[in-house]
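Each remark here refers to the structure printed beneath this line.
The values are calculated or read from the model by the stated rules, or taken from the named source; none is laboratory data. Computed from a predicted structure; not experimentally measured. In this analysis, Cβ positions are derived from the backbone assuming ideal geometry, glycine residues included, and neighbour counts consider all displayed protein chains.
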Amino acid sequence: MSIVINRIKYKFDNTPSKMYFSKKSELPFYTKCKILKDRMSTNIDFEALIKWLKEESIDDDEYLYFDFVDPNYENQFECVCIDYYKPKLIRSIIFHYFEEKGFIIDPNPKVDDLSIYKFVRNYNQVWDIYQRFDLNIKNKRNELSISLGSSFTLISKDKISYKSTYGTVKYLSGESNRIIKKTLLEIGGSYRLIANFQIKSEFGISNPTQRPTFKQKHETITLLFNDHIKNINQKGLNFISTGLMNVDIRDIYKVNMYENKLLFKNDKTDINPITGMRDFGIYKPSPKALDNKFIFVYENRDDANNLFKYLKNGHKNFPGLERYVGIPVTLSDIKFHYSNIINIESEYKDFENRELNQDSYDNLFAIIIGQFDKNNSDEEKTNAYYEIKNALLKKGIPSQFINQEHIRQANSFNYHLPNIAIGILAKLEGIPWRLKNNTNQDLVIGFNQVQLGNSRYIGSSVFFTNEGFLKGTHAYPTSDSETELIGHLRNSIEKYILEQGEIRRLIIHYYKPNSERETRNIEQLLYNELKLNIPYAIVEVNDSKTQADICFDSEYNMGMPESGTYVKVGRNEYLLFNNLRYEKKPLNMVTDELPIKVKIHFADANGFSHNELIGQIYEFSRLIWKGLKQRSQPATTIYAKLIAEFSSHFAGNIPNNYIVNNTPWFI
C-alpha cells in the first residue's frame with residue numbers, strides 16, 4: 001500500500017528575525033497584550049516592552065498587531081522574534097510571498113493558519129470565482145499541510161453596497177488583497193465582499209453540486225506546490241522539492257476486513273450491505289412484523305395511494321416491503337388526512353384526541369408524507385416535523401417521514417425505497433445485518449453536540465455490544481453537562497451490570513477533547529463510587545469529515561484509499577477512511593467519501609490497543625441502519641447527534657419510554 005498525504009516537508013534554520021508591534025490593525029497578525037507580556041516575561045526585551053506599553057497606554061485586554069516585516073510606523077515596538085512566535089514567522093513569509101503574487105489572503109482564518117484565494121475565472125459582471133487553499137503549519141514535524149477549501153468562493157470585482165440582510169461577512173481591507181474577519185459592516189458602505197449564504201441567496205446564486213474528486217484535489221494541490229510553494233526561499237525557510245509526502249509505511253494501517261464482513265439471512269456473509277441485502281435478505285426479522293399496522297398521514301391522497309402501492313407490490317427493482325424486510329403492509333383503521341403543512345400541528349391535536357386517546361400503543365407505525373423534512377430551511381416545516389414526531393413518540397409510536405416530492409419522481413423513487421424499508425425494520429426492532437466477528441461485551445457510549453440559536457445541546461447513545469442494538473438514549477443542555485455526563489454514565493453502567501452482568505470495559509466516543517476535570521470525574525465515578533476496576537478509553541471522533549488532512553492512494557491513480565485504511569497523522573491522531581471502496585480495483589465506480597479524524601485521548605494500556613479502538617469505530621460505522629450506504633461516522637456519534645438535534649427543539653428533553661431507549665427512532 002502506497003499512500004500520499006497533503007503535506008510538504010520544509011526546512012527552517014531559525015535565522016534571527018525581528019518582530020514589529022503596533023496598535024494599527026493594518027498589520028496581518030494580532031495578539032492580546034497580556035499574552036504577549038506572558039510570552040516575553042523572560043526575554044531580554046521585556047523591560048523595553050513594558051515601557052512602550054505604558055507610553056502608548058495599552059491595557060492587557062487590548063489587541064496588538066504585528067508582523068515580521070518592518071512597517072516603518074511611528075511609535076512601533078520592535079524586538080527579536082522569540083521561539084513561541086516562530087510558526088507565525090513562517091506564516092508571515094508565506095503570507096507576503098502570496099500577497100506579492102496577487103493572491104487574496106486571509107491571514108487569520110477561524111480554523112486554519114492561513115487561507116489563500118486563487119483567481120479561477122469571471123462568474124458575472126459583479127463576481128469572480130476563486131479557489132481557496134487552507135494552509136496549516138505542523139511546527140513540531142516541520143510540515144506544511146495544504147488542503148482545498150471552497151472551489152466556488154465568490155469575491156466581488158469592485159466595491160458594492162452592504163445591506164443589513166447580508167449579515168456578518170468577510171471583506172477586503174481598503175485597496176489591499178487582505179481579508180478582514182467577519183463583522184457587521186456599515187449599512188450602505190461600499191466594500192469588496194466575500195459572498196456568504198445570504199448574499200448568494202439575494203443574488204440568486206446556487207453552489208455547484210459537483211465536488212472535486214480525490215484525484216482532482218491532488219492535481220490542484222500539486223499545481224499550487226509546483227507553481228509557488230517550492231519557490232519560497234526566504235529568511236531560512238524553504239520547501240523540499242519532491243512535493244507531497246509519501247506516508248511512512250509504519251504509519252499506514254488497515255482494519256481486519258474479514259472480521260468486518262456482515263451477516264445476513266441464514267448467516268450468509270458479504271462485505272457490502274447493498275449486495276448482501278439484495279442477495280440474502282435481512283439478518284433478523286422484526287418481532288412486531290405480523291402485529292404491526294401502519295397509520296398513513298398525508299396531505300395528498302395520490303401520494304398516499306402510490307406509496308402504499310410501492311410498499312405493497314414493489315416498484316422497479318424494489319420488491320416490496322414484505323419481500324425485502326419481512327414486514328407486511330397492513331393498514332390501521334386510523335389515518336390522518338391533513339389540509340396543508342401550515343395547519344398540520346393544530347389538526348394533529350384534534351386527530352390525536354379523536355383517534356389516539358390511549359397513553360401508549362404497541363403495534364402502530366406512522367408513515368408521514370409531506371413537503372417537510374427535519375433539514376428544511378423553512379422553519380415552519382422544520383417545526384412541524386419535530387412536533388409531530390415528538391407527539392407520536394410520547395405515545396410509543398415510531399414514525400417514518402417521507403418527502404412527497406420523492407414519491408412523485410417515480411423514475412428514481414426506487415432508490416429511496418430500500419433505505420425507507422431498512423429504517424422501518426430497525427425502528428420495529430428487526431436487524432438488517434450485523435457484524436460477523438465475535439461479539440465484544442463492552443459498554444460503548446457516544447456523545448455529540450448541536451447548536452440551536454444561542455443554545456447548545458448534547459445527545460448520547462448507549463450500546464452494550466458491537467452488534468448495533470441501541471440500549472439507551474439521553475439528552476441535556478450543555479449548561480448541565482458536568483453533572484449530566486456523570487449521571488448518565490452511572491445510569492448506563494448500572495443498567496449494563498443489571499442486564500449483562502460483569503462489565504468488562506468502558507469506551508467513550510466524544511465529540512471534543514475531554515478536559516482534565518471530566519477525566520477526574522469519570523475516574524472518581526468508576527474507581528471510588530462504583531468500586532469498578534475496569535479499563536476505560538476516551539476517543540475523540542471529529543464530528544465533521546476532514547479536509548485539513550487528506551490522503552491519496554498512489555496505486556489507485558491518486559484516488560480515495562480503500563475502506564478501512566487508517567493513517568497516523570500526529571501523536572495519538574489518525575485519519576480513518578470509511579467508504580464503499582472495499583477492493584483494490586473496484587469493478588464499479590465508487591463515490592468519494594472524505595475521511596474522519598480520530599484522536600485517542602486516553603486508553604488504559606492494560607485494556608486497549610489503538611488498533612482495536614479504531615477498528616471498533618470502523619465497526620460501528622457499518623451498523624447505521626439509516627440506509628444501505630456505509631457512513632464515515634460511527635453509529636455512536638451519528639446517533640448521538642441526531643438525538644441532540646431532536647432534543648434541541650424541546651429544551652434538551654426527549655420522551656422516556658421503551659421505543660425511545662431501545663430503537664433508532666431518530667433515523
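None of Phe98, Phe119 is surrounded by fewer than 22 Cβ atoms within 10 Å (Cβ to Cβ) and modelled with pLDDT of 95 or more except Phe119.
Identify all residues within segment 194-220 that are in a helix (DSSP H, G or I) and either in contact with a helix residue (DSSP H, G or I) (Cβ under 8 Å, 6 or more places away or on another chain) or under 26 Å from Thr591 (Cα atoms) (or both); write none if there are none.
We begin by selecting, within segment 194-220, every residue in a helix (DSSP H, G or I); these are 197-202, 214-220.
Of everything in segment 194-220, those that are in a helix (DSSP H, G or I) and either in contact with a helix residue (DSSP H, G or I) (Cβ under 8 Å, 6 or more places away or on another chain) or under 26 Å from Thr591 (Cα atoms) (or both) turn out to be Gln198, Ile199, Glu202, Phe214, Lys215, Gln216, Lys217, His218, Glu219, Thr220.
Looking for whichever is part of a helix (DSSP H, G or I), more than 16 Å from Glu593 (Cβ to Cβ) and in contact with a Lys or Arg (Cβ under 7 Å, 6 or more places away or on another chain) here; the options are Leu525, Leu489. Which one fits? From the options Leu525, Leu489, the qualifying one is Leu525.
Restricted to segment 28-111, the set of strands (runs of 3 or more DSSP E) holding at least 2 residues that are among the aromatic types (Phe, Trp, Tyr) comprises 29-32, 63-67. Annotation: Asn238 fulfils all but one of (1) closer than 30 Å to Val569 by Cα; (2) assigned to a strand (DSSP E or B); (3) modelled with pLDDT of 95 or more; the unmet one is (3). Of all the criteria given as (1) more than 17 Å from Ile116 (Cβ to Cβ); (2) surrounded by 17 or more Cβ atoms within 10 Å (Cβ to Cβ); (3) among the β-branched types (Val, Ile, Thr), the one not satisfied by Ile229 is (1).
You will find that of Asn414, Asn353, the residue that is outside any loop (DSSP other than H, G, I, E, B) and touching a His at 6+ places or on another chain (Cβ under 8 Å) is Asn414 and no other. Is it the case, given these coordinates, that Ala605 is at positive phi, surrounded by fewer than 17 Cβ atoms within 10 Å (Cβ to Cβ) and part of a loop (DSSP other than H, G, I, E, B)? Spelling it out, it is not the case that Ala605 is at positive phi, surrounded by fewer than 17 Cβ atoms within 10 Å (Cβ to Cβ) and part of a loop (DSSP other than H, G, I, E, B).
Results for (1) at negative phi; (2) free of Cβ contacts under 8 Å to residues at least 40 places away in the same chain, shown as yes or no for each residue.
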position	(1), (2)
Val450	yes, no
Gly453	no, yes
Tyr457	yes, no
Ser461	yes, no
Phe464	yes, yes
Glu467	yes, no
Leu470	yes, no
Ala475	yes, no
Arg490	yes, no
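Each row is one residue, and each column tells you yes or no for (1) over 30 Å from Gly570 (Cα atoms); (2) crowded, with 19+ Cβ neighbours inside 10 Å; (3) modelled with pLDDT under 95; (4) not basic (Lys, Arg).
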| position | (1), (2), (3), (4) |
| --- | --- |
| Arg7 | no, yes, no, no |
| Glu26 | yes, no, yes, yes |
| Asp45 | yes, no, yes, yes |
| Asp61 | yes, no, yes, yes |
| Lys86 | no, no, yes, no |
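Scanning segment 153-174 for residues being surrounded by fewer than 19 Cβ atoms within 10 Å (Cβ to Cβ) and not in a strand (DSSP E or B) gives a total of 10. When you scan segment 455-474, how many residues do you find that are in a strand (DSSP E or B) and closer than 15 Å to Pro664 by Cβ? Looking only at that region, the number is 10.
Please indicate, with yes or no, whether at least one residue in segment 19-31 is of a type in the set (Asp, Glu) and over 29 Å from His228 (Cα atoms). Even if it seems obvious, please write down each step before you answer.
Initial filter on segment 19-31 (of a type in the set (Asp, Glu)): 26.
So of that shortlist, the ones also over 29 Å from His228 (Cα atoms) come out as none.
Checking segment 19-31: not a single residue is of a type in the set (Asp, Glu) and over 29 Å from His228 (Cα atoms).
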